[in-house]
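The values are calculated or read from the model by the stated rules, or taken from the named source; none is laboratory data. These numbers come from a predicted model, not from an experiment. Just the protein is used for accessible areas: all its heavy atoms, side chains included, with ligands, DNA and RNA removed. Shrake-Rupley method; radii C 1.70, N 1.55, O 1.52, S 1.80 Å.
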Amino acid sequence: NMKNIITDKLALAQKEGDKSRILTLRLIIAAIKDKEIASRSNGENDEISDDTVVALLRKMIKQRQDSIEMFTTANRQELVDKETEEINIINEFLPSQLDHDQTKEACEKAIKDLEVNSIKAMGKVVKYLKDQHGGSIDMSLASKIIKEILQN
C-alpha cells in the first residue's frame, strides 16, 4: 500500500542523507498517522485506504500551492523554492492526473451515461466520476466542466 511505499522511500532518503526529502516524507507519514488516529476514534479500522492517502496528498499539495502564492506576493523566493520542492516530492506518490481534455471527455461520458440534463444532478455526476476515476481526476476542474456543460 501507499503508506508502506512512502515509508520505504523515507528509509532510502535517510540512507542517502537527503535532508529536504526526509523532512517532506516525514510530513506525509505524520499526516497519514493523524488520519489513522482520527479514523480509529471514529470506530473505523486502523489502516486507511490508498484513496484516502491520495486525497491527503492532494490536500497537502493544495496547501503548498496556497503558500507559494503568498510567498510570491511577499517576494520570498527561497520559500517558494522550498514549497515547490515539497510539491514535487509529494507528486511522486500520486497517480497521474487526467489532463483537461481527458477530464472533459470523462465528464461528458458521465453526463451521457447518467442521462443527466440539469445542474441539480451535479452531485450524482461528481459521485459517478469519483467512483470511475478515483484519485486520477481533478474534481475541482471536473466540477467546472460539469457546470459549463449542464448550463448550456
Fraction of accessible area attributable to carbon and sulfur, the chain (%, probe 1.4 Å): 50 percent
For segment 104-152: rounded, prolate or oblate by the Cα gyration tensor [a/c cutoff 1.5]: prolate
Most to least accessible of 64, 26 (protein chains only, probe 1.4 Å): 26, 64
Values of log10 I(q)/I(0), in the order q = 0.11 Å⁻¹, for the chain under a Debye, Cα-only, solvent-free model: -0.57
Alpha carbon centroid spacing (whole Å) that separates segment 72-108 from segment 111-148: 21 Å
Per residue solvent-accessible surface (Å²) - segment 89-152, probe of 1.4 Å: 63 Å²
Within a Gaussian network of the chain (alpha carbon springs, distance under 10 Å), most fluctuating of 88, 117, 42: 42
Cross-link partners of residue 127 among lysines (Cα-Cα below 26 Å; sequence separation of 8 or more within a chain): 3, 35, 59, 62, 104, 109, 112, 144, 147
